[in-house]
Amino acid sequence: SAVGCLVGSALSGAAWMAVPIYAPSFFRQRFLVSTGSASILVLVAAVCYTCGSLTGGRLVKRFGRKPLTVLGALGAGIFTILYTNLFDLWSSVGVVFLACLLAGIRLSASTGLILEQVPTFRGTMMSVRHATVALADALGSGIGGLVLLQFGYGGMAAVLGALGIAAAAVFQLLAIDATKTGMESGS
């Protein structure tokens, strides 16, 4: 379960790169948005991500870590695929904001889920999680760039969004929420 959580976290971290790294350039190229306006969109997206993270922390008590992690990864993956396939600026921007909100919820829920995998080694799990996500961010940025060069923004969003959907499947199939099962340590 701990390894599954780390793999899911890596996949969702790589998928997330489709938004902060590539969305501003996408909006500038597809919709001819000015640099200043693209910067404002990035700031609002960051606020949506932060609100999702704060909201996720509160929703965990009600719905649980695993369901919110799965929902957040799945929704962010789907909305990542969608944002480059919409032909209206405001629809695309709205979908990016929803992806940010769900990615923030996923971050909050998955961090708690990972920490509870091996309760006696929470510090170690947090360190390994951080290293995994940092590597995933680099890989997601690189993979996204390679796919963008070959297949454009739609291909990039499809590949990275699919990683988010795969992350949701990994979390659903392999993760165990130790706080829900009464386990004292994960596997």
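The values are calculated or read from the model by the stated rules, or taken from the named source; none is laboratory data. These numbers were taken from a predicted model, which means no experiment stands behind them. Here Cβ is always computed from backbone atoms with ideal geometry, including for glycine, and neighbour counts include all displayed protein chains. For accessibility, only protein heavy atoms count, side chains too; no ligands or nucleic acids. Shrake-Rupley method; radii C 1.70, N 1.55, O 1.52, S 1.80 Å.
The residues of the range 6-47 expose on average 45 square angstrom of accessible surface per residue, using a 1.4 Å probe on protein heavy atoms.
Protein-only accessible surface at a 1.4 angstrom probe places the residues L43, L139 in the order L43, L139, largest first.
What a 1.4 Å probe finds exposed on the chain is 71% carbon and sulfur by accessible area, rounded to a whole percent.
Cβ distances below 4.7 Å define possible disulfide partners, and in the chain the cysteines left without one are C5, C51. Of the whole protein surface, L173 contributes about 140 Å² of accessible area at a 1.4 Å probe radius.
In order along the range 41-58, the Karplus-derived 3J(HN,Hα) couplings, from 6.51 cos²θ - 1.76 cosθ + 1.60 at θ = phi - 60°, round to 4, 5, 5, 5, 4, 5, 5, 4, 4, 5, 4, x, 5, 5, 5, x, x, 7 Hz, and Gly and Pro are given as x. Loop-located chymotrypsin sites (Phe, Trp or Tyr not before Pro) in the range 15-87 (DSSP state not H, G, I, E or B) with no more than 15 neighbouring Cβ atoms inside 10 Å: F87. Residues in the range 77-84 carry Karplus couplings, in order, of x, 5, 5, 5, 5, 5, 4, 8 Hz; the curve used is 6.51 cos²θ - 1.76 cosθ + 1.60 with θ = phi - 60°, and Gly or Pro positions show x.
For the range 71-158, the solvent-accessible area with a 1.4 angstrom probe is 45 square angstrom per residue. Accessible-area rank, largest first, for M126, M17: M126, M17, with all protein chains present and a 1.4 angstrom probe.
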